[in-house]
Amino acid sequence: MDKTLNRAIKPDALGDMKFELPEIERFRLGNNLSVLFVKKENLPILRFTLLTESGSKFDADSQKGLANLFARVLDEGAGKYDAAGLSDEFDILGSNFNIGCLNDNIQITLQTLKENLDRSLEILGIILSQPHLDEKSFEREKRKVLTSIQQLKNSPEDIADITFDRVVFGNGNPYAYPVIGYTADVNGISVQNIRDYYKQKFTPDNSTLIVVGDSNRLELETVLNNYLAGWTHSYQKTELKYQKPQENFSIYLIHKEGAVQSEIRVGHLSEKRNEAHFFAKHLLNMILGGQFTSRINLNLREDKGYTYGAFSRFNYLKDSAQFLLSTSVSSENTGKAVTEILKELKEIRKGVKEEELEFAKSSTIRRYPGNFETYSQVAANLISLVVHSLPDNYFDTYIDSLNKVSVKEVNEAAIENFHPEKLSVLVVGDKDHILRQLKELNSGKVIELDIWGKKISS
Amino acid sequence: MIKVNMDLLNIAYEKYKLKNGLEVILHHSPSLPLVSVNIWYRVGSANEKKGKTGIAHLFEHMMFQGSKNVPKELHFRYIQEAGGTLNGSTSFDRTNYFEKVPSNFLELALWLESDRMGFLLPALTQEKLTNQIGVVSNERLERYDNQPYGLAWEILSSNLYPDGHPYSWPTIGFMDDIKSYTLDDVSSFFKKYYSPSNAALVIAGDFQKEKIKDLVAKYFEDIPSQNSSSGESESSLNIINNKFEKNILIERDENVQLERIYLAWHSDKIYGQHDNSFDVLSDILTGSKSSRLTKHLVYDTEMAQDVSAYQFSGKYAGHYMIIATAKPGTKLNKLKEEILNEIENIGKNGVSEKELVKSKNLIKSSFIYSMQNLDVLADQLNHYNFYLNEPNSFNYDLKRYEEVTNESVKNLISSFLTRPFVELQIKPVNKK
């Protein structure tokens, strides 16, 4: 090897990469649960993700928080086990079990060693088919949730995230409300509501099971049919209505006494995920705020030093989406930071440079194999396949689809997807320090909200 | 017990040293077309001094600001362009830098790491320093000052450890210190601690076995070794064992909704003979729904919204913490009493075989689960090399958990947890 090294020259890539995408197998169990399976056998692990489309978007008007509360009570006792007993059964196997609730769905994750596959699935089957949903556990979990809601009041980050959804999606939109719910609503939920929710929404025919790991289709079909067969009831559909709010440029302020920083959220509604535009929007966002060397982070962090980080994303839900830019900055730089953000959004509508697009493509495409490294990464890819109903060849065509995007398409996407006149700017911070800065940005017009997003009349 | 084949945790590696003192650890694993490069420098906030805190972490930021042959911002950009991921982190004992790239870009990662290891100073400017002082100040505000209970750690450690002890200040540093740093501070820090002889480089994953050593030599061999520190903290180490004689109580009113109590005891250092038993004790106290404190405080009596226990252990010392958030209406002193009762109970009656098996099985499976990620594996090789001088210590590490017994857990109570402790009570500010 040549030992005279010229450090000024950046080394090139060594040849091309070979990478094989995992093959997805689909099948359906006797109870109508559909299964997506990807074989991965470098370790004796299996990871199961059960997606049930029963998230908080189905929470009725006075029952915000129902889906989440249901998810919390689901594993608080089933079959012959109480809550502690169930958790013991998983622990003794070294299995990890978790239930989470999102806007669109409830996700149950089970990670197990292969040697404990049967027993882990047996317990999962018991939870799905014989949950107690008993009064005592329900009341206890409800009290815990109510206390958690109270705790949110002192977290500027959480307040900003929750209230921004309310502002952007607008009253009445199923995505406008916090998954955890509101105090008055949670207070009004009864154990019967939870039991009804289980019967109507938490059903195998409304779910998909994603399996990644060391197994084969035949073995899986047998064990899954064996242990999940008792979960059988069927789904009762609810139609959701998604109204679109009136969007005008507005600045909202939530006062947080004594805050030393301001949490900033800027964004508006966006089109739901659509494969025709998805790739151009992805690359556009990479350039604007989707990664460390984006325009926004370089400006706000690496140039101005206003923040520890500033990022943007298209936040795709099943039936809608939002464009969201978030950062937190010290109080004295709040107005300046918002000004820079608005400037960047106007600027990118004038177009991106060829080399910016090349960078975004190169980064995304070359990173692609790494997105399938861990069991949870493979599962995460399959989750988006299911939630957004993507075709099975989506992963195979991914790189081609990205490569095809032109500067022209990205520039069109910028015009179509960023609307400065519709932006909502939400700031959570100390009013005494930032109100004047914010007023200067919008001819004196700042709308004050309480922490849950209700207008405060001044 | 879980029977899984423990050969999975036997990680083959080759370790050698370059003439400039850089340790190199190679682990070949071509199952995916990825390679991780992971460097540990033997310097952390424990090497700082009182009044000059936070420089190890601020320095970590400066390492991403470009070096002689890499313009500002391009370090990040080059790795991202190659489809890689990267970051760095600072702890009490060490600072690490890592990237994971498609294997055909290994040389790029080595070029970048070697350029900043050898040639950072020519690219250092006041503008970059001023900028990163702004970024780090905001990091401190965002992650600590503006978080509910965000200052608890630094209050506890400054009371738990005597003045001047290397663990008595937070890694992020105090705001006044962060804002005080000059270019001279940064460049002397580099000269003192960033010599190749004070670092270890792990390369793990898919690389060409027959070429890798030449490649490492090409980029790292000519970096001169500096007259560098031993890596040991300069703070007076004889004060480390200077334990306090009476309980210390700190009460604070903050912008929080619920009262929270923190109890902290001196415990054992990392890989000390009690370190493993403390981890198992944490599982038994608060590791799951059926764990003792969780079941009693969160489930049966609902006195607490949450409770957690954990062992922090580093090179110079360790401490054991139990933290509980009170439900509205519960007095913190009542929570404290319940926690101390349970500790006393374990001290007298010990724990059950079932509790031990549960904890050991969870630990064992977590070792297997952690093997999924090449970055984690590479970092762990460096971790074991740093603390145990043996990168392949996975089975050793697991074995020390298997050796935990009822007696070794009981013994923690009499040896550590019946000694004086620091108690921090945080309560909501009284609104008029």
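The values are calculated or read from the model by the stated rules, or taken from the named source; none is laboratory data. Given the structure is predicted, the values throughout are model-derived calculations rather than measurements. Positions of Cβ are generated from backbone atoms using ideal geometry, with glycine treated the same way; all protein chains shown enter the neighbour counts. Protein only, heavy atoms only, side chains kept; ligands, DNA and RNA dropped before computing areas. Shrake-Rupley method; radii C 1.70, N 1.55, O 1.52, S 1.80 Å.
Near the amide H of A:Glu448, within less than 5 Å, lie the amide hydrogens of A:Leu253, A:Ile456, all on another chain or at least 5 residues away, with H placed in the peptide plane. Rolling a 1.4 Å probe over the heavy atoms of the protein chains gives segment B:318-432 an accessible area of 41 Å² per residue. About its Cα centre, segment A:24-228 has a charge dipole of approximately 260 debye under the convention of +1 per Lys or Arg Cβ and -1 per Asp or Glu Cβ, with nothing else charged. When chains B and A come together, the accessible area they lose, probed at 1.4 Å and totalled over both chains, is close to 7300 Å². The spacing between segment A:263-315 and segment A:29-97, judged by their C-alpha centroids, is 33 Å.
The local environment of A:Arg26, defined by Cβ-Cβ distances under 12 Å, has a net charge of -2 under the rule Lys, Arg +1 and Asp, Glu -1. On a per residue basis, segment A:1-97 carries 44 Å² of accessible surface, using protein heavy atoms and a 1.4 Å probe.
The Cβ shell under 14 Å around A:Asn226 holds other residues with a net charge of -3, Lys and Arg each +1, Asp and Glu each -1. Within chain B, what's the longest stretch lacking GluC sites (Glu not before Pro) that sit in DSSP loops with no more than 14 other Cβ atoms inside 10 Å? Of all site-free stretches, the longest is B:1-209. Sites counted here are trypsin sites (Lys or Arg not before Pro) in a DSSP loop (not H, G, I, E or B) having no more than 13 other Cβ atoms within 10 Å; the longest part of chain A that contains none of them is A:81-236.
Taken about its Cα centre, the protein assembly as shown carries a charge dipole of about 1120 debye when Lys and Arg each add +1 at the Cβ and Asp and Glu each add -1 at the Cβ. Phi-derived couplings, Karplus 6.51 cos²θ - 1.76 cosθ + 1.60 at θ = phi - 60°, listed residue by residue for segment B:10-17: 8, 9, 5, 8, 10, 10, 8, 10 Hz, with x used for Gly and Pro.
Across the accessible surface of the protein assembly as shown, with the other protein chains kept in place and a 1.4 Å probe, carbon and sulfur atoms take up 47 percent. Loop-resident trypsin sites (Lys or Arg not before Pro) (DSSP state other than H, G, I, E or B) in segment B:256-337 with no more than 13 further Cβ atoms inside 10 Å of their Cβ: B:Lys331.
Projecting the Cα atoms of A:Gly290, A:Ile254, A:Pro420 onto the charge dipole of segment A:250-457, computed from C-beta unit charges around the Cα centre, puts A:Ile254 farthest toward the positive end. Partner shielding of B:130-136 amounts to 4, given as the average count of beta-carbon atoms from other chains within 10 Å of each residue beta-carbon.
In summary, the lysines within cross-link reach of B:Lys179, defined as a Cα separation below 20 angstrom excluding same-chain residues under 8 places away, comprise A:Lys304, B:Lys49, B:Lys50, B:Lys52, B:Lys128. Each residue was assigned an accessible area with a 1.4 Å probe, and for A:Leu121 the value is about 0 Å². Local charge sum around A:Leu288 (other residues, Cβ-Cβ under 13 Å, Lys/Arg +1, Asp/Glu -1)? Residues close to A:Leu288 contribute a combined charge of +4. Label separation (B:Ser225 vs B:Leu8): 4.0 nm, computed from points 7 Å beyond Cα along the C-beta direction. Per residue, segment A:250-457 exposes an accessible area of 40 Å² to a 1.4 Å probe, with every protein chain left in place.
Taken about its Cα centre, chain B carries a charge dipole of roughly 400 debye when the Cβ of each Lys and Arg holds +1 and the Cβ of each Asp and Glu holds -1. Counted without the sites themselves, the longest stretch of chain A free of GluC sites (Glu not before Pro) in a DSSP loop having at most 13 other beta carbon atoms within 10 Å is A:42-238.
Burial here means at least 30 square angstrom less accessible surface with every protein chain in place than with the chain by itself, probed at 1.4 Å; in segment A:301-329 the buried residues are A:Arg301, A:Glu302, A:Gly305, A:Tyr308.
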